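So the structure is just underneath, and the comments pick up after that.
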Amino acid sequence: MTDSANGGCNRPPVCDDRRMERTDDDDAADDAVRRAYDTVADAYADAFTSTEPELPVDLAMIEHFVSLLAEPRDVLDAGCGAGRMMPLLAGLGCRVQGVDLSPGMIQRAQRDHGQFPSRVAALTDLPLPDGVLSWYSTIHTPDGELPGVLTELRRVLRPGGHILLAFQSGKGVTDVSPAYRDRGHDVTLRRHNRSADRVAAELRTVGMEKVALLERAAASHERTAQAVVIALRPA
């Protein structure tokens, strides 16, 4: 099958609109992340109540993302955590809803930001918005599972819709459990680091087109470089 015969995708099985099959290992990985964020939900929500950690350039990428969306600018905050980004999106003129894998995080989102609908859901079971904000929501997704997650994000987008992914830039896997244990939380949590170019390439293989890319050095309060990629699902 040629690329043009399959909508310009390089991996035909990944680029269709069917949900990806999940394995027991996928479910076990989700369970580990869910347990970790349930454990730290209150501490996390109390520490990060709004956009305090973000730099102006990060917020500018979100503003650019929103400017690309068609009315009525329905946006899904996929992996919304305790909901701290939803007021920002609403303030930019979006109709926002949130989903998160962690019931503990959703409980805080409903308590702290109850004006926005939110529910427990995995990144493989999403509604149909004009835009998807994935603000550090794929950082615990292993490389082998990333194409399936990106396929689902593409599938749920309306044609002509956009996705924004933010993540730590780098290579390899970082065990972030010690940072939580230092604060009294007994969790196991690993972060998968990727470059912006690599994520853009992965998006391309599932039928998305790169619109904008940011890769910046770590700020004084950060330990790693950060990246943002905005991509389009062609109409």
(message) Give all pairs with beta carbons closer than 7 Å in which a residue from region 148-165 that is farther than 14 Å from V206 by Cα meets a residue that is of a type in the set (A, V, I, L, M, F, W, C) and in a loop (DSSP other than H, G, I, E, B); count only pairs at least 6 apart in sequence or on separate chains.
(response) R158/L128; G160/A70; G160/A235
(request) Could you list all residues from region 162-205 that are touching a strand residue (DSSP E or B) at 6+ places or on another chain (Cβ under 6 Å), closer than 30 Å to E71 by Cα and among the small types (G, A, S)? (result) A166, A196, A200
(request) Determine whether G79 is buried (at least 20 other Cβ atoms within 10 Å of the Cβ), out of contact with any helix residue (DSSP H, G or I) (no Cβ under 8 Å at 6 or more places or on another chain) and at pLDDT below 95. (result) yes
(request) Find the residue count for region 87-116, including only residues that are among the basic types (K, R) and under 16 Å from R34 (Cα atoms). (result) 1
(request) Would you check which residues across region 49-59 are surrounded by fewer than 16 Cβ atoms within 10 Å (Cβ to Cβ), under 17 Å from the mean Cα position of the chain (by Cα) and in a helix (DSSP H, G or I) and list them? (result) L59
(request) Would you list the strands (runs of 3 or more DSSP E) that sit entirely within region 151-235 and hold 3 or more residues that are at pLDDT below 90? (result) none
(request) For region 32-48, state whether one or more residues are at pLDDT 90 or above, part of a loop (DSSP other than H, G, I, E, B) and out of contact with any Ser or Thr (no Cβ under 7 Å at 6 or more places or on another chain). (result) yes
(message) Among the residues in region 194-217, are any small (G, A, S), under 19 Å from L76 (Cβ atoms), touching a helix residue (DSSP H, G or I) at 6+ places or on another chain (Cβ under 8 Å) and buried (at least 19 other Cβ atoms within 10 Å of the Cβ)?
(response) yes
(message) Based on this model, can you work out whether V132 counts as closer than 23 Å to P234 by Cβ, among the β-branched types (V, I, T) and not in a helix (DSSP H, G or I)?
(response) yes
(request) Answer with yes or no whether R183 is surrounded by fewer than 22 Cβ atoms within 10 Å (Cβ to Cβ), among the basic types (K, R) and within 25 Å of Y44 (Cα to Cα). (result) yes
(message) Which numbered condition in (1) at pLDDT 95 or above; (2) of a type in the set (D, E, K, R); (3) in a loop (DSSP other than H, G, I, E, B); (4) surrounded by fewer than 21 Cβ atoms within 10 Å (Cβ to Cβ) is the only one that R84 fails?
(response) (4)
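Quick grid of which residues meet (1) in contact (Cβ under 8 Å) with a residue 60 or more places away in the chain; (2) among the hydroxyl-bearing types (S, T, Y):
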residue: G93; (1), (2): no, no
residue: G98; (1), (2): no, no
residue: Q107; (1), (2): yes, no
residue: G114; (1), (2): no, no
residue: V120; (1), (2): no, no
residue: S134; (1), (2): no, yes
(request) State all residues of region 155-180 that are surrounded by fewer than 21 Cβ atoms within 10 Å (Cβ to Cβ) and under 12 Å from the mean Cα position of the chain (by Cα); if no residue qualifies, say none. (result) Q168
(request) Just name the residue that is surrounded by the most Cβ atoms within 10 Å (Cβ to Cβ) out of those in region 138-154 that are charged (D, E, K, R) and more than 13 Å from the chain's Cα centre (by Cα). (result) E145
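The values are calculated or read from the model by the stated rules, or taken from the named source; none is laboratory data. Since this is a predicted model, take the numbers as computed values, not measurements. We place every Cβ from the backbone using ideal geometry, glycine too, and count neighbours over all the protein chains shown.
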